Structure formats: C-alpha cells, structure tokens
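The values are calculated or read from the model by the stated rules, or taken from the named source; none is laboratory data. None of these values were measured; they are calculated from a predicted model. Neighbour counts run over all protein chains shown; Cβ positions are idealised from the backbone, glycine included.
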Amino acid sequence: MDINLRKLRYFVAVAECEGFRKAANELRVAQPALTRQIRSFEGEMGAELFTRTTHGVALTEAGKQLLYEAEPLLASANAIRERLAELKNRPLRVTIGFAQGISVAQFAREFGRLYPHIEVDLVRVPEEQEGESILGGRVDVCFARAPIAGDGVELVPLFDEPRVVALPYDHPLAHVDYLKLKDLAGFRLLQHPDSVPEISTPGLGPRVARIPGLNWRGFSVPNVEEALEHVAAEHGILILPLSTAETYSRSDLAFKPVRGLRSCTVVVAYARDRFTHHVGAVVDIALRQTQHAITV
C-alpha cells in the first residue's frame, strides 16, 4: 500500500487539533477540501480514522495506531527532504579514506571517469581513527586492513597482503632470503605485541611470548616513521605490511619476509547506515580491479 504523505500530514493535523476547522486554519486549506482529503485518505487506508463528536473529532483505534506510526514516518521524510536540500546547495563529493601504505589512486581515477560530476577527496586515516572516521562520516569509504573497530562498519575483503620485518641494513639477518619466527628471538619489538598474534597471545602481551628472548618491555612509538628510525638505530624491530614497507623504503633498512607470519587482509569499509549509490560504486570498482590484478 502506497501512503500519500500529504494526506498523512493532513490526518496528523486534524488529530492534533481535534477538529477540522482549526486544522484547516493551520494547514491554510479550505475546511471542505480538508474534509474531502481525509475521507479519501480513509478510503485508501481501508479504515475509519475519526469519529465525529459534538466537540469535534476523536480518533478511532485505527486512527490512534496510524497516528503512532505516522510521526516517525513524517520525521524521516522531513529528514530526507532536508538532506536533499543540503546536497542541492553543495557540490557532490565522495571522500575516500586510506590507511598507511595502501594506494587508492587507481580506484579514484576510475570513479572520476565514471562520475565526472562528482568531486573525489582522498584522506589519509590513522589506524586508531578508522572506525570513528567511517561511522562519523569523515570518510564515505576507507581502504584499510582488517580488523576495524566499531559497530556498524561493513568490511569487504579485497586481497591478502604479506607482512615483513624491518631490520637494520647491516644486521646479519638482513642478507638472508627470509627469516623464521624463531630468528626474532633476542630482538626488542617496537610495537604492542597484540598486533602480532603469532608472537604473543593478544590481550596478555609479552607475559606469554611464544618466542623465547623476544621482548617488548613497554616500548612503543606513535607512528611508522619514528619506529623505522629506531630500527635503523638498532633499538629493535618492526613488523609491518609489505605495502607500508615499500612506501618507507630506505637504504639503511632491510625488509624481510618471515615464515610463520600470517598475511593481513586489505578491505574496503563503509558505515552500514551511510551506504549510498556512490559508496557502492567505489566498492564495485575496488572489487573489479583487485580481482583482475589477482587473476592476471
């Protein structure tokens, strides 16, 4: 059943005013016209909504139920109208967030080709702010690595990415093809051990270290740039995604694969209650391009 919102507003006005005359004045319509609209609406709804009294009108049980249902429906319709008005007065824009080391240029280019009238903004999002940025609307979609904290965040997996360990370039292990987890014994880890579950049990940290001799001792740094400076200064090691390592490649560091380290999953994420056609377009582009790259 399709509900005529204009007639629904008329119904609510009559119900709240408890009469046609006052409602007609508030709606600025003629009373006979309002009466006809309500009768027509009752026919469409298949139920009598008002009973006429000597003092005006009273709601029937069906009318009371409809009034209860009508208020949130009209509020939602008003909110939609306001959002559309806002969109009309500002340029169309899609904001794509991305985590450190993840390139989104190819997705943005393809989206721009398909939707040339929409402005595309690219925003680097720190890992600890990913969920908040998605749910709060700072970004419409975000390319990041699972998991992402926050109820209401939808994750669409794109591909798996290996992780590597950063070492000083002149360390003996920097010249081997790959390391094993046991080779990390004796190093200081320059990140919280919860981020590397292969090394220690998440939540319990170094107290249950799975690699004898590997230590953390509460040492952590706020960003990759500082952490890599510490690695180059021989203060410890850092485990990071391969794409991030490639972004920060430098001559005084070596990045080596480690057997036993699980890959991380790169995802495109969005808020379930903020999904739009254009968000879906970005997701579709990412899925098409990443699947093509994997199969080629």
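Could you grab me the full set of residues in segment 148-188 that are small (Gly, Ala, Ser), in a strand (DSSP E or B) and in contact with a Gly (Cβ under 8 Å, 6 or more places away or on another chain)?
Of everything in segment 148-188, nothing turns out to be small (Gly, Ala, Ser), in a strand (DSSP E or B) and in contact with a Gly (Cβ under 8 Å, 6 or more places away or on another chain).
If I filter segment 251-263 down to residues being surrounded by 14 or more Cβ atoms within 10 Å (Cβ to Cβ) and in a loop (DSSP other than H, G, I, E, B), which single residue comes out as farthest from the chain's Cα centre (by Cα)? Only one residue tops the list, namely Gly260.
What is the one condition in (1) in a loop (DSSP other than H, G, I, E, B); (2) touching a Lys or Arg at 6+ places or on another chain (Cβ under 7 Å) that Gln37 does not satisfy? The number of the failed condition is (1). There is at least one residue in segment 121-132 that is in contact with a strand residue (DSSP E or B) (Cβ under 6 Å, 6 or more places away or on another chain), in a helix (DSSP H, G or I) and outside the structural domain of Ala233 (by TED's automatic domain parsing). Only a single item in (1) modelled with pLDDT of 85 or more; (2) of a type outside the set (Lys, Arg); (3) under 43 Å from the mean Cα position of the chain (by Cα) is not met by Met1, and it is number (1). Of all the residues in segment 44-73, those that are under 30 Å from the mean Cα position of the chain (by Cα) and either touching a residue at least 12 places away in the same chain (Cβ under 8 Å) or within 11 Å of Ala15 (Cβ to Cβ) (or both) number 2. The condition of being farther than 23 Å from Arg109 by Cα, of a type in the set (D, E, K, R) and in a helix (DSSP H, G or I) holds for only one of Glu234, Glu226, that being Glu226.
Among the conditions (1) over 24 Å from Asp194 (Cβ atoms); (2) polar (S, T, N, Q); (3) in contact (Cβ under 8 Å) with a residue 60 or more places away in the chain, the only one that Ser76 does not satisfy is (3).
Within segment 99-123, the set of residues being surrounded by fewer than 16 Cβ atoms within 10 Å (Cβ to Cβ) and within 17 Å of Ala286 (Cβ to Cβ) comprises Ser103, Ala105, Gln106, Arg109, Gly112, Arg113, Leu114, Ile118, Asp121, Leu122, Val123. Residues that are surrounded by 14 or more Cβ atoms within 10 Å (Cβ to Cβ) and in contact with an Asp or Glu (Cβ under 9 Å, 6 or more places away or on another chain): does segment 153-163 have at least one? Yes, the conditions are met somewhere in segment 153-163. Which of the residues spanning segment 256-295 are out of contact with any Pro (no Cβ under 9 Å at 6 or more places or on another chain) and hydroxyl-bearing (Ser, Thr, Tyr)? Scanning segment 256-295 gives Tyr270, Thr276, Thr290, Thr295. The set of residues from segment 1-15 being surrounded by 12 or more Cβ atoms within 10 Å (Cβ to Cβ) and part of a helix (DSSP H, G or I) comprises Leu5, Lys7, Leu8, Arg9, Tyr10, Phe11, Val12, Ala13, Val14, Ala15.
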